[in-house]
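Read the structure below first, then the notes.
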Amino acid sequence: VHYPALADKVVHFFKLLSKPLVLLDATAGAGSHAEYILRSLPIEKLILMDLDPDAISYLREKFAGDNRVLIIHGNFADLDKYIAKAGIRGLDGVLFDFGVSYHQIFSPQRGFSFTHDSNLDMRFNRSSSGLTAWDVVNLYSWWELKEILEKYGEFPAHIAERIARKIAEARSWMGNIDTTTQLADIVSQVLSHRGKIHPATRVFQAIRIEVNRELDNIKDGLDAALRSLLPGGIIQAISYHSLEDRIVKQKFREWEKEGFGRRLTKKVVKPSWEEAKEHPTVRSAKLRVFQKEADK
Ligand SMILES: C[S@@+](CC[C@H](N)C(=O)[O-])C[C@H]1O[C@@H](n2cnc3c(N)ncnc32)[C@H](O)[C@@H]1O
């Protein structure tokens, strides 16, 4: 089962709002945070949103019959529109838990991981006709690849260039690069394997961010959340790498400066030593919390 990162902290912050709550879990995934929230807080309505149709089917089954729960398939970048369309006047709180779910990582057909040999896909929304990892790996020029590796994989320019050129070179003799293990093998030829983390990890991160326009969605999603929030409402965002966290940090700081409310976490909240030890997947989780001005 999926372990909900920092769930006790998330509940602690929502408890500051002492009344029946209308909350949105904008990245409901396997519904583990949702389950914890339903158990721990006075909930009037919990809206569960996800971009992944597989997650939506799973959530429908898991929460069938719970009339506090409303499930919406959609992109959180447009969450304010979905909320308005559902006839909800405003939200007391919004939770974001960015990144890939356990289900997605371990579904061999989804292509998020190179521990299984699978097609290069990586779309959160498989029912969309949008860009796939295959398109990025096979159709981008080496300098476009270099750019996304630098920007989204956080590689130094010269390493990004070496990986990008190696991918382009492999295409010229292999024809297409079709699977996650083929890609991981090509990357291993450039980056040697040091420590516990496979060298292809950040290459996969970069491609995933490109495929799903993740950083743009995070920016738009945070703005949409602020618009949908009732006065005094709370936004909580859990990030797993520095690119995500930087966006959240800057947004919250900017909002505070503009007088929209205040940060409840001047310093980022991380899992306890015990939580990180017991659940290595949430080791890198970072929570930031913002409260909207009470009467504005
Ligand atoms: C780390 S998982 C969330 C796990 C969830 N908190 C739980 O307890 O099971 C992140 C989820 O966000 C979803 N997601 C990613 N980008 C999204 C977007 N732009 N809009 C809506 N959902 C998105 C993914 O499909 C994935 O299911």
Kindly provide the set of residues from region 153-197 that are in a helix (DSSP H, G or I) and of a type in the set (F, W, Y), ordered by number.
-> W173
Is there a residue being touching a residue at least 60 places away in the same chain (Cβ under 8 Å), away from the ligand (no atom under 16 Å from the Cβ) and touching a strand residue (DSSP E or B) at 6+ places or on another chain (Cβ under 7 Å) anywhere in region 137-153?
-> no
Which fully enclosed helices (runs of 4 or more DSSP H) of region 18-97 have 2 or more residues being away from the ligand (no atom under 12 Å from the Cβ) and in contact (Cβ under 8 Å) with a residue 40 or more places away in the chain?
-> 79-85
Filter region 247-285 for residues that are modelled with pLDDT under 95 and acidic (D, E); which is surrounded by the most Cβ atoms within 10 Å (Cβ to Cβ)?
-> E275
Would you mind finding the one in K15, K19 that is modelled with pLDDT under 95 and surrounded by fewer than 18 Cβ atoms within 10 Å (Cβ to Cβ)?
-> K19
Would a scan of region 204-217 turn up a residue that is of a type outside the set (S, T, N, Q), closer than 14 Å to T27 by Cα, away from the ligand (no atom under 11 Å from the Cβ) and under 11 Å from the mean Cα position of the chain (by Cα)?
-> no
When both residues are 6+ apart or on different chains and their Cβ atoms are under 6 Å apart, which pairs have a first residue that lies in region 121-133 and is among the acidic types (D, E), and a second that is surrounded by 13 or more Cβ atoms within 10 Å (Cβ to Cβ)?
-> D121/R110; D121/G111; D121/T132; D121/A133
Please find, within region 223-244, the residue that is nearest to the ligand (Cβ to nearest atom) out of those that are within 12 Å of the chain's Cα centre (by Cα) and assigned to a helix (DSSP H, G or I).
-> E244
Within region 22-69, residues being within 19 Å of I235 (Cα to Cα) and surrounded by fewer than 21 Cβ atoms within 10 Å (Cβ to Cβ) number 10
Since R110 meets every condition but one in (1) closer than 28 Å to R202 by Cα; (2) exposed (fewer than 15 other Cβ atoms within 10 Å of the Cβ); (3) among the basic types (K, R), which condition does it not meet?
-> (2)
How many of the residues making up region 98-120 are more than 12 Å from the ligand (Cβ to nearest atom) and touching a residue at least 60 places away in the same chain (Cβ under 8 Å)?
-> 8
Can you confirm whether region 139-152 contains a residue that is on the phi < 0 side of the Ramachandran plot, surrounded by 15 or more Cβ atoms within 10 Å (Cβ to Cβ) and not in a helix (DSSP H, G or I)?
-> yes
Residues being within 18 Å of the chain's Cα centre (by Cα) and not β-branched (V, I, T) - total across region 131-153 | 5
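The values are calculated or read from the model by the stated rules, or taken from the named source; none is laboratory data. Because the structure is predicted, anything quoted here is derived from the model rather than measured. Counting neighbours? That spans all protein chains shown, and the Cβs are built from the backbone with ideal geometry, glycine included.
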